[in-house]
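Chemist: Below: one structure in structure tokens.
The values are calculated or read from the model by the stated rules, or taken from the named source; none is laboratory data. This structure is a prediction, so every number in the text was calculated from the model and none was measured. Here the Cβ is made from the backbone with ideal geometry for all residues, glycine too, and neighbour counts use every protein chain on show. These area figures cover heavy atoms from the full protein model, side chains too; ligands, DNA and RNA do not enter into them. Shrake-Rupley method; radii C 1.70, N 1.55, O 1.52, S 1.80 Å.
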Amino acid sequence: MEKFYITTPLYYVNDEPHIGHAYTTILADVISRFNRSIGKDVFFLTGTDEHGQKVQEASEKRGVPPKEHADEFVKRFKNAWKNLDINYDHFIRTTDENHKDKVKKILTSLYEKGDIYFDEYEGLYSVSEERFITEKEKEEGQFREVKTIKEKNYFFRMSKYQKKLIDHINNNEKFIRPRSRKNEILGFLKKPLNDLCISRPKSRLSWGIDLPFDNDYVTYVWFDALINYISGIGWGEKSSENFDNYWPADYHLMAKDILTTHCVYWPTMLMACDIDLPKSIFAHGWWLIDNMKMSKSIGNVVRPLDLANEYGSDSLRYYLMRNMVLGQDSTFTTNSFIERYNADLANDYGNVVNRVVILIKKYYDSKIPEPGEYNDIDKNLINQFNDLSNVINLHLESLKIHELIEIIFSKIRLINKYLEEKEPWKTYKTNPNQRDVTATTLYVSIECIRICTKLLNPIMPNKTKLVLNAIGSKESSLKFEEINFGQEIGCIPTLFPRIEFK
Ligand code: ME8
């Protein structure tokens, strides 16, 4: 069976999850579900990043030890993911003993190999980003709380792998996506790469993984966290079946804020360890509020669970997947959420399901009628569903989820149009001889609805399951004429009641 491995970033436990975190995690979940539905053996990894300055500061603010703080916030992430129907295979915490052992194992081997060395360094340090930055980065102004620090530290010879990394990026079109991000990284790599400071003296920061070769230092949080992508699937264990099966990852998903760490630090770390690089690093855009990035430090966050509790997890999942165009930023507003919900879910999808189910109930005692001959109008609609799985797979491969959804909805609108054209409510009443025509119309409609519902299942797992169960379609395929006539349709409540603007 073809393997598929996908990851999200490990989120810091310095605050609760917001819409931005929910977006990446739902995206990974949707992609996982689609890939499972086409028969792939999927591993989906997510988790939390628990060491380092940010978490230490957050725990100090609350006056609790950092591990206790992390334990509490991990629950909030897990609870959010449960309520948003995120079906991950493993949730990794960087405080897991197993992960810590593997980080130490890598540190030791790179130290012994000479790829980690001790040195005194004076440079610009961004407290907010927790890393040394270059003059140029300072000038670009994206880093806050910049100060000069002179310190003895351990360094990873990242510069040694610069040429190899550039070659890899150039030779592997899909390594960094979308293309604009690839160009950004190639631009960054035009300047000589510095070595990476991978330690923090305990005098300054104590919350981290001890360096195995120097007790006065802890590991830099990024060096620790990136390793999760392999430690989380059993790298370095005696029987590393999962690692052998799933690595290299098909996708590391994230937003553009953490592109450099993933496209420069992580691949060079892997090169130093002689481990294959991931197939694709994919950076999406930001969810904005009032043109500003939604972020914990700015405080302009929307809590996903508030929306999910009010309007349902399916609706939120749908909105996030539909309204963010691949690679671009997207603005979150409650109005755009309600508009999208009413137009697509209440009007288009909810309406067509409701219409057809009511007619079948009324005319055929809730049993799917046997179709007669298909006329041109029927055939036109049926043809629109031919080859749909190929189209879907193409969009899935390029991660164009919003376009994939648009294709499904264009089909849903066609079913509504088809009903308007064939008017089964008229053919049934006005001409009893045309009952065959009515039966055909309703059979074709419910069959097309089944296919659309099946396609929407990875995005809205709850409501679609309800529909599929009610129409008696279990492991249904995307092929037309799969549903049995005579099959009784169960009760389906109003799927998406219209939301009135407050
Ligand atoms: O960076 N729009 O964790 P983090 C879209 N621990 N996505 C957003 C977003 C927004 N406004 N805000 C956050 C870290 N995200 C590190 C990662 S990985 C080994 C270590 C999502 O809690 C997006 O996926 O700051 C982004 O990359 C991630 O959350 C950053 O989460």
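Chemist: Residues to consider are Ala255, Ala272; find the one that is within 16 Å of the ligand (Cβ to nearest atom), open to solvent by less than 20 Å² (accessible area, probe 1.4 Å) and of a type in the set (Gly, Ala, Ser).
Modeler: Ala255
Chemist: Then there is this: Among the listed residues Ser473, Ser477, which satisfies the condition of being of a type in the set (Gly, Ala, Ser) and open to solvent by less than 10 Å² (accessible area, probe 1.4 Å)?
Modeler: Ser473
Chemist: Looking only at the range 289-310, how many residues end up being surrounded by fewer than 19 Cβ atoms within 10 Å (Cβ to Cβ) and either touching a Pro at 6+ places or on another chain (Cβ under 6 Å) or within 16 Å of Ile499 (Cβ to Cβ) (or both)?
Modeler: Total meeting the criteria: 3.
Chemist: Another one. Can you pull out the residues in the range 214-228 that are among the aromatic types (Phe, Trp, Tyr) and touching a Leu at 6+ places or on another chain (Cβ under 7 Å)?
Modeler: Scanning the range 214-228 gives a single hit, Tyr217.
Chemist: Among what's in the range 283-313 and is outside any helix (DSSP H, G or I) and over 24 Å from Phe143 (Cβ atoms), pick the residue that is nearest to the ligand (Cβ to nearest atom).
Modeler: Just the residues of the range 283-313 that are outside any helix (DSSP H, G or I), to begin with: 283-303, 312.
Okay, now just the ones that are also over 24 Å from Phe143 (Cβ atoms), so 302-303, 312.
Details: Val302: 10, Arg303: 13, Gly312: 21 Å.
This residue is Val302.
Chemist: Right, something else. Name the single residue, out of those in the range 382-423 being under 25 Å from Pro371 (Cα atoms), out of contact with any Cys (no Cβ under 6 Å at 6 or more places or on another chain) and charged (D, E, K, R), that is least open to solvent (accessible area, probe 1.4 Å).
Modeler: Lys422
Chemist: Condition first: farther than 15 Å from Glu420 by Cα and touching an Asp or Glu at 6+ places or on another chain (Cβ under 9 Å). Now tell me which residues in the range 371-395 satisfy that.
Modeler: Pro371, Gly372, Glu373, Ile382, Phe385, His395
Chemist: Answer yes or no as to whether Val55 is among the β-branched types (Val, Ile, Thr), at pLDDT 95 or above and open to solvent by less than 40 Å² (accessible area, probe 1.4 Å). So that I can check it myself, show each step before the final result.
Modeler: Values: among the β-branched types (Val, Ile, Thr): yes; at pLDDT 95 or above: no; open to solvent by less than 40 Å² (accessible area, probe 1.4 Å): yes.
No: the conditions fail for Val55.
Chemist: Moving on to the next point. List the helices (runs of 4 or more DSSP H) that sit entirely inside the range 97-187 and contain at least 1 residues that are within 28 Å of the chain's Cα centre (by Cα).
Modeler: 97-113, 162-171
Chemist: Collect the residues in the range 223-245 that are at pLDDT 95 or above and either crowded, with 23+ Cβ neighbours inside 10 Å or small (Gly, Ala, Ser) (or both), keeping them in residue-number order.
Modeler: Answer for the range 223-245, where residues must be at pLDDT 95 or above and either crowded, with 23+ Cβ neighbours inside 10 Å or small (Gly, Ala, Ser) (or both): Phe223, Asp224, Ala225, Leu226, Ile227, Asn228, Tyr229, Ile230, Ser231, Gly232, Ile233, Gly234.
Chemist: Are any residues in the range 104-122 closer than 20 Å to Thr260 by Cβ and surrounded by fewer than 17 Cβ atoms within 10 Å (Cβ to Cβ), and if so, which ones?
Modeler: Hit for the range 104-122 is Tyr121, nothing else.
Chemist: Continuing with this model, one more query. For residues in the range 14-39 being outside any helix (DSSP H, G or I) and over 13 Å from Ala80 (Cα atoms), which is farthest from the chain's Cα centre (by Cα)?
Modeler: That would be Asn14.
Chemist: Oh, and also: Within the range 121-137, does at least one residue satisfy the condition of being at pLDDT 95 or above and under 17 Å from Trp222 (Cβ atoms)?
Modeler: No, there is no match, as no residue in the range 121-137 is at pLDDT 95 or above and under 17 Å from Trp222 (Cβ atoms).
Chemist: Still on this structure: Restricting attention to the range 381-402, which residues are part of a helix (DSSP H, G or I) and closer than 16 Å to Ile451 by Cα?
Modeler: Answer for the range 381-402, where residues must be part of a helix (DSSP H, G or I) and closer than 16 Å to Ile451 by Cα: Leu381, Ile382, Asn383, Gln384, Leu388, Ser389, Asn390, Val391, Ile392, Asn393.
Chemist: For the range 311-333, how many residues meet the condition of being surrounded by fewer than 16 Cβ atoms within 10 Å (Cβ to Cβ) and touching a Leu at 6+ places or on another chain (Cβ under 8 Å)? Working first, answer last.
Modeler: Of all residues in the range 311-333, those surrounded by fewer than 16 Cβ atoms within 10 Å (Cβ to Cβ) come to 325, 328-329, 331, 333.
Imposing the further condition that a residue be touching a Leu at 6+ places or on another chain (Cβ under 8 Å) reduces the set to 329, 331.
Looking only at that region, the number is 2.
Chemist: Let me ask something else. Can you spot a residue in the range 139-153 that is aromatic (Phe, Trp, Tyr), over 24 Å from Ile233 (Cα atoms) and touching a Lys or Arg at 6+ places or on another chain (Cβ under 7 Å)? Reasoning before the result, please.
Modeler: To start, the set of residues in the range 139-153 that are aromatic (Phe, Trp, Tyr) comprises 143.
Retained after the next criterion (residues that are over 24 Å from Ile233 (Cα atoms)): 143.
Now drop any that are not touching a Lys or Arg at 6+ places or on another chain (Cβ under 7 Å), which leaves none.
Checked against the condition, which is being aromatic (Phe, Trp, Tyr), over 24 Å from Ile233 (Cα atoms) and touching a Lys or Arg at 6+ places or on another chain (Cβ under 7 Å), the range 139-153 yields no hits at all.
Chemist: Any chance you could count how many residues in the range 220-240 are away from the ligand (no atom under 13 Å from the Cβ) and either polar (S, T, N, Q) or under 17 Å from Tyr11 (Cα atoms) (or both)?
Modeler: Final tally of qualifying residues: 2.
Chemist: Can you tell me which condition Asn35 does not meet? The list is (1) open to solvent by less than 10 Å² (accessible area, probe 1.4 Å); (2) more than 10 Å from the ligand (Cβ to nearest atom); (3) modelled with pLDDT under 95, and all the others hold.
Modeler: So the condition that Asn35 fails would be (3).
Chemist: I've got another one for you. Where in the range 424-497 are there helices (runs of 4 or more DSSP H), lying fully within it, with 2 or more residues that are of a type in the set (Phe, Trp, Tyr)?
Modeler: Helices (runs of 4 or more DSSP H) meeting the threshold: 424-430.
Chemist: Taking the condition of being of a type in the set (Gly, Ala, Ser) and on the phi > 0 side of the Ramachandran plot, how many residues in the range 288-323 meet it?
Modeler: Counting residues in the range 288-323 that are of a type in the set (Gly, Ala, Ser) and on the phi > 0 side of the Ramachandran plot gives 2.
Chemist: Anything in the range 203-219 that is under 14 Å from Ile106 (Cα atoms) and within 15 Å of the ligand (Cβ to nearest atom)? List them, or say none.
Modeler: Ile209, Thr219
Chemist: Of these, Asp41, Asp29, Asp96, Asp89, which one is at pLDDT 95 or above, surrounded by fewer than 22 Cβ atoms within 10 Å (Cβ to Cβ) and within 16 Å of the ligand (Cβ to nearest atom)?
Modeler: After applying the criteria, what remains is Asp96.
Chemist: Out of the range 10-19, which residues are near the ligand (Cβ under 9 Å from one of its atoms) and at pLDDT below 95?
Modeler: Asn14, Asp15, Pro17, His18, Ile19
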